[in-house]
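Each remark here refers to the structure printed beneath this line.
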Amino acid sequence: MEQEVSHNSETIDEIVRTACAELFDAYGLGLTERPPPKENEDHASDEDLAIAGVIGMTGDAIRGTLVLAGTSKPLEFTRSVGQVRDWVAELSNQLLGRIKNKLLQHGVEIYLSTPVTMAGRRLRIMSSGNYDSGQFLFETSAGGYICIWFDAELAEGLILEKVETEDEHTSEGDMLFF
Amino acid sequence: MGKKILVVDDSATVRQQVGMALKQAGFTVVEAVDGADGVEKISGTADIAAVICDVNMPRMNGLDMVAEVKRDPKNAALPIVMLTTEGQPALIRRAKQAGAKGWIVKPFKAAQLVAAMQKLTA
């Protein structure tokens, strides 16, 4: 049982890290992971986390919430048009979309809700998930920070393993015509 | 006036990103905020040459919108391309069966999107 939990945690953490790196690389931003802050420790030296996209997910095997929060520099760097608050919601949607596509390769399907945005100082969530809930802090190549919380409850007995499928995998940036 | 493309997405940022790429290529852009708005815009706007549509939207999702729009024989030849984070094969098959012409997984490359629209509206 403990082994399963540990295996699932490692698998999900790797999926989230990879999805993050790929997402922001697509918008020209490099990420360097830093240790998540300890309790009562500030996330950044001189900036509070400014704005966050919050998006829910449901499914038979995994359900929970993804929060993508960022300070202003990386959000402004990656945004080409529109308002930051809408952009961070779209980023959270695209990040969870990438995570969804990777979970599909492990035979797990999740359904995404519509993202919402929140803004505040020293944003922090209280984890309710039953896996070693992922919190990831990245320093970005544009300065500032991106912080990801992947808070999830996993179905009992779930073991995340890649599955073979006859279906061709469609990746981000792919274009198909019928 | 350039050919008219309807962009359907609940994200204002995505509508603007897609719109900017299309306008720079000479297209005229009309926007809709969800599938239900998309259905209304298609029936109420003359000369829409193609549609770019998100999948996951409130009120009416993109796949339901395609099915609804294609019920009208007037829209049989209207090219609808899905632009979405989804890459699930079952959804792609469903879009094809509903009458969509293509599927793009975000993020999109502006040059490729423009080339696709130019080809579909030629």
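The values are calculated or read from the model by the stated rules, or taken from the named source; none is laboratory data. Bear in mind the structure is a predicted one, so any value in this text is a computation, not a measurement. Cβ coordinates were reconstructed from backbone atoms using ideal geometry, including for glycine residues, and neighbour counts include every protein chain displayed. Side chains are part of the model used for accessible areas, which takes the heavy atoms of the whole protein and leaves out ligands, DNA and RNA. Shrake-Rupley method; radii C 1.70, N 1.55, O 1.52, S 1.80 Å.
Report, ordered by chain and residue number, the lysines lying within cross-link reach of A:Lys102, taken as a straight Cα distance under 27 Å and ignoring same-chain residues fewer than 8 apart.
A:Lys162, B:Lys96, B:Lys101, B:Lys106, B:Lys109
Using a 1.4 angstrom probe on protein heavy atoms only, which residues from segment A:158-178 are buried by at least 40 Å² of accessible area when all chains are present rather than their own chain alone?
Residues passing the criterion (a loss of at least 40 Å², heavy atoms only) are A:Asp167, A:Thr170, A:Gly173, A:Met175, A:Leu176, A:Phe177, A:Phe178.
Give the long-range amide H neighbours of B:Val29: residues separated by 5 or more places, or on another chain, with amide H under 5 Å away, using H modelled in the peptide plane at 1.01 Å from N.
Amide H neighbours of B:Val29, under 5 Å, 5+ apart: B:Ile5.
Do any residues of segment B:8-57 show a loss of at least 50 square angstrom of accessible area between the isolated chain and the full protein assembly, using a 1.4 Å probe, and if so which?
Residues losing area: B:Thr13, B:Gln17.
Nearest 500 deg cm²/dmol is fine: what mean residue ellipticity at 222 nm does chain A get from its DSSP H runs of n ≥ 4 alone, each adding -39,500 (n - 2.57), divided by its residue count?
Using -39500 (n - 2.57) per qualifying helix, the result is -10000 deg cm²/dmol.
Which of these, A:Arg98, A:Arg17, A:Arg122, has the largest mean-square fluctuation under a Gaussian network model of chain A (Cα springs below 10 Å)?
Of A:Arg98, A:Arg17, A:Arg122, the Gaussian network model singles out A:Arg122 as fluctuating most.
State the percentage of accessible surface on chain A attributable to carbon and sulfur atoms; use a 1.4 Å probe and exclude ligands, DNA and RNA.
The computed percentage sits at 45.
How many percent of the accessible area of chain B is carbon or sulfur, using a 1.4 Å probe? Provide the component values of the computation, followed by the final result.
Working: 2690 of 5160 Å².
Roughly 52 percent, rounded to a whole number.
Among A:Ile159, A:Ile51, A:Ile146, which one moves the most in a GNM of chain A with springs linking Cα atoms closer than 10 Å?
Judging by the Gaussian network model, the answer is A:Ile159.
Apply the a/c threshold of 1.5 to the C-alpha gyration tensor of chain A and tell me whether it is rounded, prolate or oblate.
Numbers: a/c = 1.86, a/b = 1.26, b/c = 1.48.
Taking the square roots of the gyration eigenvalues as a ≥ b ≥ c, chain A is oblate.
Give me a comma-separated list of calculated 3J(HN,Hα) values for segment A:57-65, in order, Karplus coefficients 6.51, -1.76, 1.60 applied at θ = phi - 60°, integers in Hz, x for any Gly or Pro.
Computed from phi, the couplings for segment A:57-65 are 9, 10, x, 5, 9, 9, 9, x, 9 Hz.
How many nm separate the modelled label positions at A:Ser113 and B:Gln97, each set 7 Å beyond the Cα in the direction of the Cβ?
2.9
Can you work out the Karplus-derived ³J(HN,Hα) for every residue in segment A:84-98? Use 6.51 cos²θ - 1.76 cosθ + 1.60 with θ = phi - 60°, whole Hz, and x for glycine or proline.
Calculated HN-Hα couplings, in order: 4, 5, 6, 5, 5, 5, 5, 4, 5, 4, 5, 5, 5, x, 5 Hz.
Could you work out how far the C-alpha centroid of segment A:137-175 sits from that of segment A:3-26, in angstrom?
For segment A:137-175 versus segment A:3-26, the Cα centre distance is 5 Å.
Counting each pair of different Cα atoms once, what's the Kirkwood radius of the protein assembly as shown in Å, rounded to one decimal?
About 20.1 Å, per the Kirkwood formula over Cα pairs.
Going by a ≥ b ≥ c, the root eigenvalues of the Cα gyration tensor, does segment B:61-113 fall in the rounded group (a/c under 1.5), the prolate group (a/b larger than b/c) or the oblate group?
Note, shape of segment B:61-113 comes out oblate.
Non-local amide H neighbours of A:Phe178 (under 5 Å, H modeled in plane, Pro and chain starts lacking H): which ones?
Sorted by chain and number, the residues that satisfy this are B:Gly102.
Over the protein assembly as shown, what is the percentage of antiparallel beta bridges among all DSSP beta bridges, to the nearest 5?
About 65 percent, rounded to the nearest 5.
Would you please give the residues with an amide H less than 5 Å from that of A:Ala142, counting only those at least 5 places away or on a separate chain, with H modeled from the backbone geometry?
HN-HN under 5 Å from A:Ala142: A:Gly30.
With a 10 Å cut-off between alpha carbons and a GNM built on chain A, which of A:Ala69, A:Ala142, A:Ala89 moves the most?
Maximum fluctuation in the GNM of chain A, among the listed residues, is at A:Ala142.
Could you let me know the centre-to-centre spacing of segment B:12-55 and segment B:58-101, using Cα atoms, in angstrom?
Result: 14 Å between the Cα centres.
Sort chain B into rounded, prolate or oblate with this rule: let a ≥ b ≥ c be the square roots of the eigenvalues of the Cα gyration tensor; rounded if a/c is under 1.5, and if a/c is not under 1.5, prolate when a/b is larger than b/c, oblate otherwise.
Details: a/c = 1.35, a/b = 1.14, b/c = 1.19.
Because its axes are fairly even, with a/c under 1.5, chain B counts as rounded.
Would you mind giving the total buried accessible surface between chains A and B, with a 1.4 Å probe and ligands, DNA and RNA left out, rounded to the nearest 100 Å²?
For A against B, buried area totals roughly 2600 Å².
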